[in-house]
Each structure stands twice: as structure tokens, then as C-alpha cells.
Amino acid sequence: MKRAFPILAVLTALLLAYAFYEALWVAPMERTMGDVQRIFYYHVPSAWTAFLLFFVNLVASVVYLIRKSTKADAVALVSAEVGVVFCTVVLVTGPIWARPVWGIWWTWDIRLTTTLVLWLIYVSYLVLRRFSDSSQTPTLAAVLAIFGALDVPLVYFSIWFFRTQHPQPVIGGGGSIDPRMLHVLLINWLAFSCFAFLVCWWRYQLELLKRDLEEAQALEALLGSEGLPATSGRAKLPLKKTQSRSGTM
Amino acid sequence: MSSLRSITLATLTKDIRLEWRSRDAINSMLFFSLLVVVIFSFSFDPNAEESREIAGGLIWVAFLFAAVVALNQTWARELRNQVLDAYRVSPAPANALFVAKALGNFILVSLLEAVMAPLFMIFYNLRALGPAWQLIPVAILGTWALVVNGTFFAAMSLRTRSREIMLPLLLFPISIPAVQSMVEATRIILAGDGSARFWIVLLLTYDVVFTTACLGLFGTILRAE
């Protein structure tokens, strides 16, 4: 598994470079919008990746509440962090595109607002995790994730009542797209998903190591406070587990 | 079932009696929302037509901020003398405690609204052009929407550092659809601008969904170790 990581990293880098080339040079120029439209190849794949990660977060949160598995909690944390990063990319690239095309940076349109509220909910999720460093944090965070998931459809319906300005989704939304553009879009999505998976994987291993280290330090402090000589050999005992786990990466 | 009702009733009467004797929360809420109303009226100087358009937003934002003041106090009382820990180990149903606290907050915030709404009407020269009786279901459903999630998130933020600031950070993002529904419904009724039915139904849906979620998950929050 440890050897798989650099291989995957190289493959992802190649795929990202290829997707970049396809988006900027191969994809045909859009007739009315011109080159500005190419931001679409970054905006849409980021949005799909962010929504996918938030969905992973919800599933991991539910699994945590049922099974109380710390691995599910680590997956939930990691997917929320990386999801917020991708969602931020969506919220930044959107206005850059909207300004020349719509003439405005922002509008309270259904998809924009829902994405913004989703971003707010997950930022508050990360704030909650940062502010409570007790053993109850995973439970509280998992419950908040479920509340957030219940909230999103309500946000969607509340804004659905207003006229929507965002272009119809190109996939399954009745819009038409040049097959070459679709090809480039899907390659970009694949590249972004691989990249997100890579970052999540790395962050997940880091999180597990961090937890093992905290456990080892707590154990060391406990042994020290009991008046036992906290020798380096004793302190290394739980750390060995850490090393063996990173070995199986 | 009877134990659920009797425990709910006992907790609720205890909270109301304590509040009646001290009047801490209600007084600070009343003064706080009065300040918000006065500051808003300095920030905008609207005529009657404009104030119909913006009053819905002002009034609900004032109530939302005031409700946070009360909600932060909800569980603080139970932390002293480890009352909450005693409750956690007792066989009493967790939801009885939650329902009692939510109802207590609902009564408190409703009382605040009953006092402040006429004041709003006077300060902003408001007169509803639409069916004014519809403001009552909007107020009831809207208050419950704020209070049910607020009570729940107050219980959650008890477990965090700097819990006073944590409650609005958790509550406001989740409350966005509810606040939007209340504000829009109030605006439509005050301006007599079509039917507010869609927003009232949405508010009702919000209440049903989140009341169910709170009742389903409160035990997990209370007993999280």
C-alpha cells in the first residue's frame, strides 16, 4: 500500500496536466462566451467533487453514530476538510466567470445560494471540531453533519421559489453540450477526483498517526504521574504500533 | 408515556418558576431587543411604504439575536451542582428534558414577541395590508423553528470551549431556510403582496423535520461520553 501512494500521485499529476492541456487547448471555444467559458472545466468538476465529499462525510457520520468506529470519524473529518477546499474553489471560480458573462459577481440564485449555505454549514462543522477537543467531538460532529444534510433540501426549496439565473446543469438538465466539451469536462472531473482522493488518503493517514501519537503521549503522562519511571523504552511501546500502521499504508 | 409527560411537566414548571423568581433571561432579552429596534431605526429612516418591505427582516433578526441570549442560558443552570450529570445517569427519558427545555424557551421567546411586536408596529408605523391573522401562525412556527434547533445546539455547544460564541455559529447556518421563510412570509403579509402559503408550508416542513431530528438525536448528545 505504501508503494501505491507515489504511483497514484504520479498518475494524478499526469492526469491533471493532461486535463489542463485538454481544457485550455483542445476543447473548442464557446461561441458567445469565448475563452472565459473554459473556467467551466474547473468550476463544475470542483463542484461535483465537493458534493461527493460532503456525501462521503454524511455516510461516514452515520456509520460513526451506529458503529462508533474511529476510522469512520477520521474519514468524516478528512472528507469535510477537503470538501470545504473544493467548495471554496467553486465559490471563487463562479464569480470570476459570472462577472464578464452575467455582468455581476454574485446573485442569490438557487444553486449559488445552496452551495454557499452548504459551505457555511461545513465551515461551522469544522469550527465545532476545532473548538471541542474532547472525546465527545466525533459524536457532536456526526450529529451536526446529519442536521446539515436535512437542511440542504429545505434551502433548495426556499430558493426554488425565486427565478433562477444559473445555467441549467449540462448533465441531466436538458442543456446541450458539444461532445468534445463533455469529453474534456469528464477528463477534468476524473483528474480532480483522483486528486481529491489522493489528498484525502494522505490526510487520513496523517490523522490516524496524530491520534496514535496523542494516545501514546497520554499513556506516557499517565505512567509518569503514577510514579513509574517513564523510560524511553516504555514510551516507545505504543509508538511501535504507529510505525507498523504507517508501514501498511 | 406518563413518565415522559410528568418529567417534562416537572422540569418545565421548575424552569418557569426559577425564571419567574429571577427574571434574568426575560429582562435581558427584552432590553436587548429594544436596543436592536432603536439602533435599527437610527440606521434606516424609512417611510411607511419602505418599512413594510424591510420590517419583516428587522423584526426577525432582532428576535433571532434575542433568542440566542435566552438559549445560551438554557443549560447553564443545569451545569451547576452537576444536575446534568445526574440526569445523564438517571433512567429518565432524555427527550422529556429536551421537550421541557424547548417548551420553556418557546414560552420565553413568545412572551418577548408579544411585548416587542406592538412596539415595532409603533416605531415603524406598520399596518398590515394583507391578512394580518396569518402573522400568528408565522410567529408560532417561526419561533418554534428557532427554539427547537437552538435548544439542541445549546446542548451541543455545552461540550465545547467558548460555548457562548459557539451557539450562533452552529445555529445560524442551519436556520437560514427558516429565517428566510419567516422574513418572506412577514413581508408578503405586511405588504399585501400575494399569498404567503408557500412560506408557511415550508416553515411547517422545517419544524416537522427538525423536531423529529432533535428528538431522535438528543439522547445521543446527552449521553455522549
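Throughout, read-outs are computed from the coordinates displayed, never taken from laboratory work. Treat the numbers as computed from the prediction; the structure is a model and nothing was measured. For neighbour counting, all protein chains shown are included, and Cβ atoms are generated from backbone atoms with ideal geometry for every residue, glycine included.
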What trypsin sites (Lys or Arg not before Pro) does the range A:1-43 have in DSSP loop regions with at most 11 other beta carbons within 10 Å? A:Lys2, A:Arg3, A:Arg31
What list do you get for A:Thr107, B:Thr160, B:Thr211 if you sort them by fewest beta carbons within 10 Å? A:Thr107, B:Thr211, B:Thr160
Would you work out which of B:Thr160, B:Val115, B:Val148 lies farthest towards the positive end of the dipole of the protein assembly as shown, given +1 charges on the beta-carbon of Lys and Arg and -1 on that of Asp and Glu, about the Cα centre? B:Thr160
Tell me, in nm to one decimal, what length is gained between A:Lys68 and A:Trp102 on full extension, where the rule is 0.36 nm per residue of separation less the Cα-Cα distance? 7.5 nm
What is the list of residues in the range A:198-217 whose amide nitrogen lies under 19 Å from a point 7 angstrom out from the Cα of A:Leu223, following Cα to Cβ? A:210-217
Rounded to 0.05, the calculated FRET efficiency for the beta carbons of A:Arg3 and A:Val85 at R₀ = 41 Å is 0.95
So how much slack lies between B:Leu4 and B:Ile140, counting 0.36 nm per residue of separation and subtracting their Cα-Cα distance, in nm? 46.6 nm
How about the range A:94-127: which chymotrypsin sites (Phe, Trp or Tyr not before Pro) there lie in a loop by DSSP and see at most 12 other Cβ atoms within 10 Å? A:Trp105, A:Trp108
Convert each backbone phi in the range B:56-64 into a coupling constant with the Karplus relation 6.51 cos²θ - 1.76 cosθ + 1.60 (shift: θ = phi - 60°), then list the ³J(HN,Hα) values in order as whole Hz, x for Gly and Pro. x, x, 4, 5, 6, 5, 4, 5, 4
With +1 on each Lys and Arg Cβ and -1 on each Asp and Glu Cβ, how big is the dipole of chain B about its Cα centre, in debye rounded to the nearest 20? 820 debye
Round to the nearest 0.05 the FRET efficiency obtained for A:Asp35 and A:Arg203 when R0 = 41 Å and r is the Cβ-Cβ distance. 0.75
So if we plug the beta-carbon distance of B:Leu215 and B:Ser22 into 1/(1 + (r/R0)^6) with R0 = 51 Å, what FRET efficiency do we get, rounded to 0.05? 0.95
Going residue by residue through the range A:191-205, the Karplus relation 6.51 cos²θ - 1.76 cosθ + 1.60 with θ = phi - 60° gives ³J(HN,Hα) values, rounded to whole Hz and with x marking Gly or Pro, of 4, 5, 5, 4, 4, 4, 4, 4, 5, 4, 4, 4, 5, 5, 5
From fewest to most C-beta neighbours within 10 Å, the residues B:Arg187, B:Arg52 line up as B:Arg187, B:Arg52
Within the protein assembly as shown, helix-based [θ] at 222 nm, where runs of 4 or more DSSP H residues each add -39,500 (n - 2.57), nearest 500: -28000 deg cm²/dmol
Quick one: B:Thr143, B:Thr186, fewest Cβ neighbours within 10 Å first, how do they rank? B:Thr143, B:Thr186
With +1 assigned to the C-beta of every Lys and Arg and -1 to the C-beta of every Asp and Glu, and no other charges, what is the dipole magnitude of the range B:1-69 about the Cα centre in debye, to the nearest 20? 620 debye
Dipole in debye (nearest 20) - the protein assembly as shown, about Cα centre, beta carbon charges: Lys, Arg +1; Asp, Glu -1: 1300 debye
Within 10 Å of each candidate Cβ there may be at most 15 other Cβ atoms; applying that plus a DSSP loop requirement, which trypsin sites (Lys or Arg not before Pro) in the range B:1-47 survive? B:Arg23
Picking from B:Val36, B:Ala70, B:Asn125, whose Cα lies most toward the positive end of the charge dipole for the range B:1-150 (charges on Cβ: Lys, Arg +1; Asp, Glu -1)? B:Ala70
Lysine pair number, Cα distance threshold 29 Å (strictly under), the protein assembly as shown, separation 8 or more or different chains: 19
